[in-house]
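K.L.:
Please read through the structure below; I'll follow up with questions.
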Amino acid sequence: MSDLKTVPKAIGGSSSYLDDRIGAGSFLKRNLRKVFPDHWSFLLGEIALYSFVILLLSGTFLTLFFKPSMMHVVYDGSYEPLKGVMMSEAYASALEISFEVRGGLLMRQIHHWAALLFVAGMMVHMLRVFFTGAYRKPRELNWLIGVLLLTLALAEGLTGYSLPDDLLSGAGLRITEGVAISLPLVGTYITFFLFGGEYPGEDVISRFYSLHILLIPGILLALISAHMVLMWVQKHTQMPGKGRDNHNVVGAPFYPAFMLKAGAYFLFTFAMVAGLATFAQINPIWAFGPYTPADISAGSQPDFYMGFLEGSLRLMPPWEINIFGANEFGTLPLSVIIPALVPMGIVMTGLALYPFLERWVTGDNREHHIADRPRNNAHRTSIGMAAITFYGVLWLLGANDELSANFHISLNWTTYIGRVAVIVGPVIAYIVTYRICLGLQRSDAAVIGHGVESGVIKRLPHGEFIEIHTPPAEDIEAHMRGKEAIQQVDVDADGEGIPPKGMRGPLGKLRGRMSKAYGGEKIPLDDGHGHGDEHAEITAGEDRSLTH
């Protein structure tokens, strides 16, 4: 009987050859056994990664047939309703891909659905990282890379959305031109650089094509690689639980467990994208017709990730400032500049600065490898929900015409309500979320202090009925006890009520007040039963009997 441990010569010889020359053996041995924590939320980032892979593969196919030219041609393809219509060569080639290239329409739709899933996956992944505090030291650099990746993904989506040169994408391109030219000092130069002259010019498709297939994907690929390398080198965050602390990682090794899981998840993601592309039509460019500056389309909406900018444009009052009179040199169209820059600036700048602002407020310079449960940092979770509400209101009002038409509401009223909701909504979301987080903390404290309801009713000697509580399961209790108090700045370092030097000025006093409000233990976990002596004795006795 042959030895099962004998390595085949083809594998052993090749492995020895590589190991002798590049030392791959020790490298693979070390990294293939790297442990990955096992929690469903960690797979959210992989959705974005796998979608990006699908984008690269499907985009490569499309580049073989697409012609990024604005030269006018007369359509003579297989789509009868547009035969004889003058259009750009870019639009004609997009129609050819859709109707004449074998598998072309499927690839177009796979590419579009993967783009939507790529941005959505990044957004959900960043929310998971934010709400669990996984951006804290030593992962601030990776967080900044993630913010930059999301920003570039929006730009990549905008350039790709404009390439077919149909009426819908042309409407978005017209808005882009209006935003660019409204920027003070540099607006005209940016517009002429993109369009090659007066709108619509002759060069915008070819220049967007270069950005879309070359420059932005190259930067994305480099940043994703850096993101993955940093993630690999740094210790993984993990959810609190039994046997987990800041000095270990509990989970399964990269090979074979995580590798098999990742491979299956990629196939599942690809199957979902292919299924959507097959059965759910998206971006039917033949229904819109070619773009001409004189035509408009009713009910046109951008892809979801640009919806919040569309909403901010629709909600903004028609304000402008005339500095040197009403001319092209002295007019600042605030109705365009503010919607274009402020919402994006608030969201992206807030995301980029938050890890450093939180560390400044709390004074917490420790390394964190255990993720927070969102309920245990009520202020952070409330801030996140307020930002989501701000984004959501703008996104929803990007379709105010559709809302008005379908629900028979005055278009003006939808706009007025949106202007109020975009300010009041985040405040209400913050307050409601904060109260919910405190309520969930009290629920955890009740489980730790009183145990879990067993459904067993006990009558006491004096006639009172109580329900017997049992201790929570060991893993559930460990999950709850992973909570730790949020650190606060020490404003009384010498113990005599005199704040340290850096905390004496107005900024230091503000920091101290913010730290006191943000940090500390809001609802401490209580180990006591809280039933009174008689109840505690009976409950404890019943608990022991129920556990045997």
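The values are calculated or read from the model by the stated rules, or taken from the named source; none is laboratory data. Bear in mind the structure is a predicted one, so any value in this text is a computation, not a measurement. Here Cβ is always computed from backbone atoms with ideal geometry, including for glycine, and neighbour counts include all displayed protein chains. Keep in mind that these areas ignore ligands, DNA and RNA; they rest on the heavy atoms of the full protein, side chains included. Shrake-Rupley method; radii C 1.70, N 1.55, O 1.52, S 1.80 Å.
K.L.:
Working carefully through the options ARG375, ARG359, find the one that is under 13 Å from LYS137 (Cβ atoms) and either open to solvent by 50 Å² or more (accessible area, probe 1.4 Å) or touching a strand residue (DSSP E or B) at 6+ places or on another chain (Cβ under 9 Å) (or both). Give the steps one after another, and end with the answer.
P.N.:
Working: ARG375 fails: under 13 Å from LYS137 (Cβ atoms).
From the options ARG375, ARG359, the qualifying one is ARG359.
K.L.:
I'm trying to understand the selection: among the residues of segment 165-176, which are open to solvent by less than 40 Å² (accessible area, probe 1.4 Å) and under 27 Å from the mean Cα position of the chain (by Cα)? Explain how you work it out, then say what you get.
P.N.:
Going through segment 165-176, the residues open to solvent by less than 40 Å² (accessible area, probe 1.4 Å) turn out to be 165-173, 176.
Across segment 165-176, the qualifying residues are LEU168, SER169, ALA171, GLY172, LEU173, THR176.
K.L.:
Additional query: Return the only residue of HIS72, HIS111, HIS125 being surrounded by fewer than 18 Cβ atoms within 10 Å (Cβ to Cβ) and not small (Gly, Ala, Ser). Working first, answer last.
P.N.:
Numbers: HIS111 fails: surrounded by fewer than 18 Cβ atoms within 10 Å (Cβ to Cβ); HIS125 fails: surrounded by fewer than 18 Cβ atoms within 10 Å (Cβ to Cβ).
Residue meeting the stated conditions: HIS72.
K.L.:
What pairs come up if the first residue lies in segment 330-342 and is under 17 Å from GLY418 (Cα atoms), the second is assigned to a helix (DSSP H, G or I) and open to solvent by 40 Å² or more (accessible area, probe 1.4 Å), and their beta carbons are under 6 Å apart, counting only those six or more places apart or on different chains?
P.N.:
So the pair list comes out as PRO339/LEU313.
K.L.:
If I filter segment 347-356 down to residues being in contact with a helix residue (DSSP H, G or I) (Cβ under 8 Å, 6 or more places away or on another chain) and farther than 25 Å from ILE436 by Cα, which single residue comes out as surrounded by the fewest Cβ atoms within 10 Å (Cβ to Cβ)? Before you say what the answer is, go through the steps one by one.
P.N.:
If we filter segment 347-356 for residues that are in contact with a helix residue (DSSP H, G or I) (Cβ under 8 Å, 6 or more places away or on another chain), which is where we start, we get 347-348, 350-352, 354-356.
Checking the rest, the ones that are also farther than 25 Å from ILE436 by Cα come to 348, 352, 356.
Numbers: MET348: 15, ALA352: 17, PHE356: 13.
Result: PHE356.
K.L.:
Still on this structure: Cβ-Cβ distance below 9 Å, separation of 6 or more or different chains: which pairs start in segment 173-190 with a residue that is part of a helix (DSSP H, G or I) and end on one that is among the acidic types (Asp, Glu) and crowded, with 20+ Cβ neighbours inside 10 Å?
P.N.:
If the second residue must be among the acidic types (Asp, Glu) and crowded, with 20+ Cβ neighbours inside 10 Å, the pairs left are LEU173/ASP165; ILE175/GLU310.
K.L.:
Only one residue in VAL250, VAL179 is surrounded by 14 or more Cβ atoms within 10 Å (Cβ to Cβ) and over 30 Å from SER93 (Cβ atoms), so which one is that? Can you show your working first?
P.N.:
Numbers: VAL179 fails: over 30 Å from SER93 (Cβ atoms).
The conditions single out VAL250.
K.L.:
In this structure, is GLU484 acidic (Asp, Glu) and within 28 Å of the chain's Cα centre (by Cα)? Walk me through it before giving the result.
P.N.:
Values: acidic (Asp, Glu): yes; within 28 Å of the chain's Cα centre (by Cα): yes.
The answer is yes for GLU484.
K.L.:
Something else now. Enumerate the pairs (first residue in segment 395-423 and farther than 15 Å from SER312 by Cβ and without any contact (Cβ under 8 Å) to a residue 40 or more places away in the chain; second residue anywhere and assigned to a helix (DSSP H, G or I) and open to solvent by less than 50 Å² (accessible area, probe 1.4 Å)) with beta-carbon separation below 6 Å, excluding pairs fewer than 6 apart on the same chain, so at least 6 apart or on different chains.
P.N.:
Hits for this filter: LEU403/THR414; SER404/THR414; LEU411/SER404.
K.L.:
When segment 253-286 is examined, which residues are found to be under 30 Å from ASP166 (Cα atoms), open to solvent by less than 50 Å² (accessible area, probe 1.4 Å) and touching a residue at least 60 places away in the same chain (Cβ under 8 Å)?
P.N.:
Of the residues in segment 253-286, the ones under 30 Å from ASP166 (Cα atoms) are 269-286.
With the extra rule that they be open to solvent by less than 50 Å² (accessible area, probe 1.4 Å), the set shrinks to 269, 273-275, 277, 280, 282-286.
Those that are under 30 Å from ASP166 (Cα atoms), open to solvent by less than 50 Å² (accessible area, probe 1.4 Å) and touching a residue at least 60 places away in the same chain (Cβ under 8 Å): THR269, VAL273, ALA274, ALA277, ALA280, ILE282, ASN283, ILE285, TRP286.
K.L.:
Considering ASP303, ASP245, which residue is charged (D, E, K, R), closer than 21 Å to TYR135 by Cβ and surrounded by 11 or more Cβ atoms within 10 Å (Cβ to Cβ)? Even if it seems obvious, please write down each step before you answer.
P.N.:
Working: ASP303 fails: closer than 21 Å to TYR135 by Cβ.
Unique residue meeting the criteria: ASP245.
K.L.:
Mind counting the residues in segment 76-102 that are in contact (Cβ under 8 Å) with a residue 24 or more places away in the chain, open to solvent by less than 60 Å² (accessible area, probe 1.4 Å) and out of contact with any Pro (no Cβ under 7 Å at 6 or more places or on another chain)?
P.N.:
8
K.L.:
So how many residues does segment 442-468 have that are farther than 16 Å from MET480 by Cβ, surrounded by 15 or more Cβ atoms within 10 Å (Cβ to Cβ) and either touching a Phe, Trp or Tyr at 6+ places or on another chain (Cβ under 9 Å) or modelled with pLDDT of 90 or more (or both)?
P.N.:
Counting residues in segment 442-468 that are farther than 16 Å from MET480 by Cβ, surrounded by 15 or more Cβ atoms within 10 Å (Cβ to Cβ) and either touching a Phe, Trp or Tyr at 6+ places or on another chain (Cβ under 9 Å) or modelled with pLDDT of 90 or more (or both) gives 1.
K.L.:
Something else now. For segment 196-212, which positions are under 18 Å from ILE175 (Cβ atoms), open to solvent by less than 30 Å² (accessible area, probe 1.4 Å) and over 30 Å from the mean Cα position of the chain (by Cα)?
P.N.:
GLY201
K.L.:
Same structure, new question: Would you be able to tell me the number of residues in segment 182-195 that are of a type outside the set (A, V, I, L, M, F, W, C), open to solvent by 40 Å² or more (accessible area, probe 1.4 Å) and modelled with pLDDT of 85 or more? Break it down stepwise before answering.
P.N.:
As a first pass, look at segment 182-195 and keep what is of a type outside the set (A, V, I, L, M, F, W, C): 182, 184, 187-189, 191.
Now restrict to residues that are open to solvent by 40 Å² or more (accessible area, probe 1.4 Å): 184, 188-189.
Filter once more, keeping what is modelled with pLDDT of 85 or more: 188-189.
The qualifying residues number 2.
K.L.:
Select from segment 404-426 the residues that are of a type in the set (A, V, I, L, M, F, W, C), within 26 Å of ILE346 (Cα to Cα) and open to solvent by less than 80 Å² (accessible area, probe 1.4 Å) and list them in ascending order.
P.N.:
ALA421, VAL422, VAL424
K.L.:
Please enumerate the residues belonging to segment 447-474 that are of a type in the set (A, V, I, L, M) and touching a residue at least 24 places away in the same chain (Cβ under 8 Å).
P.N.:
First, the residues of segment 447-474 that are of a type in the set (A, V, I, L, M): 447-448, 452, 456-457, 460, 466, 468, 473.
Selection gives VAL447, ILE448, VAL456, LEU460, ILE466, ILE468.
K.L.:
Answer yes or no as to whether LYS235 is touching a residue at least 60 places away in the same chain (Cβ under 8 Å), in contact with a His (Cβ under 6 Å, 6 or more places away or on another chain), open to solvent by 30 Å² or more (accessible area, probe 1.4 Å) and of a type in the set (Lys, Arg). Please lay out each step first, then the result.
P.N.:
Working: touching a residue at least 60 places away in the same chain (Cβ under 8 Å): yes; in contact with a His (Cβ under 6 Å, 6 or more places away or on another chain): yes; open to solvent by 30 Å² or more (accessible area, probe 1.4 Å): yes; of a type in the set (Lys, Arg): yes.
Criteria met by LYS235.
K.L.:
From the list GLY84, GLY104, GLY59, pick out the single residue that is closer than 28 Å to PHE288 by Cβ and either touching a Leu at 6+ places or on another chain (Cβ under 9 Å) or of a type in the set (A, V, I, L, M, F, W, C) (or both). Please lay out each step first, then the result.
P.N.:
On the way: GLY84 fails: either touching a Leu at 6+ places or on another chain (Cβ under 9 Å) or of a type in the set (A, V, I, L, M, F, W, C) (or both); GLY59 fails: either touching a Leu at 6+ places or on another chain (Cβ under 9 Å) or of a type in the set (A, V, I, L, M, F, W, C) (or both).
None of the others qualify; the one that does is GLY104.
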